[in-house]
Amino acid sequence: MTVQERFTADRLARIFPQERTDAFFEALFGGAEEGAYDIHLVPDDHADVNAEEELRFYFELRQRPGHCLVCSLTYGLPQVFERHPVIDVKGLVTELARLADWDADDVWWRLGTTESLSAALHRIPLIILRHKAK
């Protein structure tokens, strides 16, 4: 099974549902309606990597109508996402590793720096590396 077949948009939406965005803003601001963007987990379809050793995804931050994504200070989010229990990157990585048929104890992960693709779309890279014991 290819990476695209394993990590379909539908499957990723089940792993990281829209309700997580709302819960994230509820925890931060006391109300989901205060959030300026929706968070989506998407695969990096253009990554030139060995899928047996590395997987790449993005947390896409898509501006909500009537809100300002640029005003949301998204550049500090990787550090927030790393520790926030609603985002639960560690649990998410465990689930993604399972889908790749990897042992979750043998993976390392990191979040990259926020990338601004447009005023209405930012993204945070999620890189998962498979560590094989020698």
Exercise for the section: Please specify each residue of segment 64-116 satisfying the condition of being more than 16 Å from Ile39 (Cβ to Cβ) and small (Gly, Ala, Ser). Expected result: Gly66, Ala97, Ala100, Ala104
Practice task
Quickly run through segment 1-47 and pick out the residues that are closer than 20 Å to Thr74 by Cβ and basic (Lys, Arg).
Solution key: Arg20
Completion exercise
Every listed condition ((1) touching a residue at least 40 places away in the same chain (Cβ under 8 Å); (2) farther than 22 Å from Asp38 by Cβ) holds for Ala119 save (2)
Completion exercise
Filtering segment 117-126 down to residues that are out of contact with any Gly (no Cβ under 6 Å at 6 or more places or on another chain) and surrounded by fewer than 18 Cβ atoms within 10 Å (Cβ to Cβ) yields Leu117, Ser118, Ala119, Ala120, Leu121
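The numbers here are math on the coordinates, done by the rules we state, and not lab data. Nothing here was measured: the structure is a model prediction, and the numbers come from that model. Heads up, the Cβs are rebuilt from the backbone with ideal geometry, glycines too, and the neighbour counts pull from every protein chain shown.
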